[in-house]
1. If I filter the stretch 79-88 down to residues being out of contact with any strand residue (DSSP E or B) (no Cβ under 6 Å at 6 or more places or on another chain) and open to solvent by less than 50 Å² (accessible area, probe 1.4 Å), which single residue comes out as nearest to Ile26 (Cα to Cα)?
2. Can you tell which of Phe138, Phe85, Phe132, Phe106 is modelled with pLDDT of 95 or more, touching a helix residue (DSSP H, G or I) at 6+ places or on another chain (Cβ under 6 Å) and under 19 Å from Phe6 (Cα atoms)?
3. If we scan the stretch 40-47, do we find a residue that is more than 13 Å from the chain's Cα centre (by Cα), among the acidic types (Asp, Glu), surrounded by fewer than 14 Cβ atoms within 10 Å (Cβ to Cβ) and over 14 Å from Phe6 (Cβ atoms)?
4. Tell me yes or no: at least one residue of the stretch 70-82 is part of a loop (DSSP other than H, G, I, E, B), farther than 22 Å from Thr19 by Cβ and within 11 Å of the ligand (Cβ to nearest atom).
5. Collect the residues in the stretch 59-74 that are of a type outside the set (D, E, K, R), out of contact with any strand residue (DSSP E or B) (no Cβ under 7 Å at 6 or more places or on another chain) and either open to solvent by 40 Å² or more (accessible area, probe 1.4 Å) or under 22 Å from Phe85 (Cα atoms) (or both), keeping them in residue-number order.
6. Which condition from (1) within 16 Å of Asp28 (Cα to Cα); (2) surrounded by fewer than 15 Cβ atoms within 10 Å (Cβ to Cβ) is the one that Glu55 breaks?
7. Is it the case, given these coordinates, that Phe138 is out of contact with any Asp or Glu (no Cβ under 7 Å at 6 or more places or on another chain) and assigned to a loop (DSSP other than H, G, I, E, B)?
Amino acid sequence: MSNRTFTIIKPDATRKGNTGVILQMINDAGFRIAAMKMTKLSKEKAGEFYAVHAERPFYGELVEFMSSGTITAAVLEKDNAVEDFRKLIGATNPSEAADGTIRKLFAASIGENAVHGSDSNENALIEGDFFFSKLEQF
Ligand code: GDP
């Protein structure tokens, strides 16, 4: 499964109506959508998803933000998916993101940064399974 990654179009991007254009960029970059759904995280679920950051000072803010509205979660497939998707989305802080990246184009701040992208093959699998059963990943 090393050719898969996991993404979330975050509440800020959803609120701004950028879901369609972001999905188009993902498509144009050669990713195949292997699973996708619109959903909304409870605070509890958002906290669980970002549990790795529980000790970071921004954890509370992150959980508030990620549970503040609708998101689109998706599993994406492409050769070298994790690395190529991180390139497509750009740096965590949009002011440091390369031109043309999703975060450069659509993120407002380091917290409200439009999209999530898995940082390893192992986490891609864990995160995809957090949102989708195996029967929902094609
Ligand atoms: P990513 O892998 O590029 O998403 O970055 P990280 O794993 O370091 O952080 C996870 C998420 O936490 C980021 O995408 C941001 O939404 C949020 N985040 C990271 N740093 C900060 C920060 O300094 N302040 C706030 N409010 N949120 C942050």
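1. If we take residues in the stretch 79-88 being out of contact with any strand residue (DSSP E or B) (no Cβ under 6 Å at 6 or more places or on another chain) and open to solvent by less than 50 Å² (accessible area, probe 1.4 Å), then Leu88 is nearest to Ile26 (Cα to Cα).
2. Answer to the check: Phe106.
3. Within the stretch 40-47, one or more residues are more than 13 Å from the chain's Cα centre (by Cα), among the acidic types (Asp, Glu), surrounded by fewer than 14 Cβ atoms within 10 Å (Cβ to Cβ) and over 14 Å from Phe6 (Cβ atoms).
4. Going through the stretch 70-82, the residues part of a loop (DSSP other than H, G, I, E, B) turn out to be 78-80.
Then keep just the ones that are farther than 22 Å from Thr19 by Cβ; that gives 79-80.
Then drop every residue that is not within 11 Å of the ligand (Cβ to nearest atom), which leaves none.
No, there is no match, as no residue in the stretch 70-82 is part of a loop (DSSP other than H, G, I, E, B), farther than 22 Å from Thr19 by Cβ and within 11 Å of the ligand (Cβ to nearest atom).
5. Within the stretch 59-74, Tyr59, Gly60, Leu62, Met66, Ser68 qualify.
6. (1)
7. Numbers: out of contact with any Asp or Glu (no Cβ under 7 Å at 6 or more places or on another chain): yes; assigned to a loop (DSSP other than H, G, I, E, B): yes.
Criteria met by Phe138.
Table: residues versus (1) exposed (fewer than 13 other Cβ atoms within 10 Å of the Cβ); (2) more than 10 Å from the ligand (Cβ to nearest atom).
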position: Gly90; (1), (2): no, no
position: Glu96; (1), (2): yes, yes
position: Asp99; (1), (2): yes, yes
position: Ala108; (1), (2): no, yes
position: Ser118; (1), (2): no, no
position: Lys134; (1), (2): yes, yes
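The values are calculated or read from the model by the stated rules, or taken from the named source; none is laboratory data. None of the values given here were measured: they were computed from a predicted structure. Every residue, glycine among them, receives a Cβ derived from its backbone with ideal geometry; neighbour counts consider all protein chains shown. Accessible surface is based on the protein model in full, side chains and every heavy atom, while ligands, DNA and RNA are left aside. Shrake-Rupley method; radii C 1.70, N 1.55, O 1.52, S 1.80 Å.
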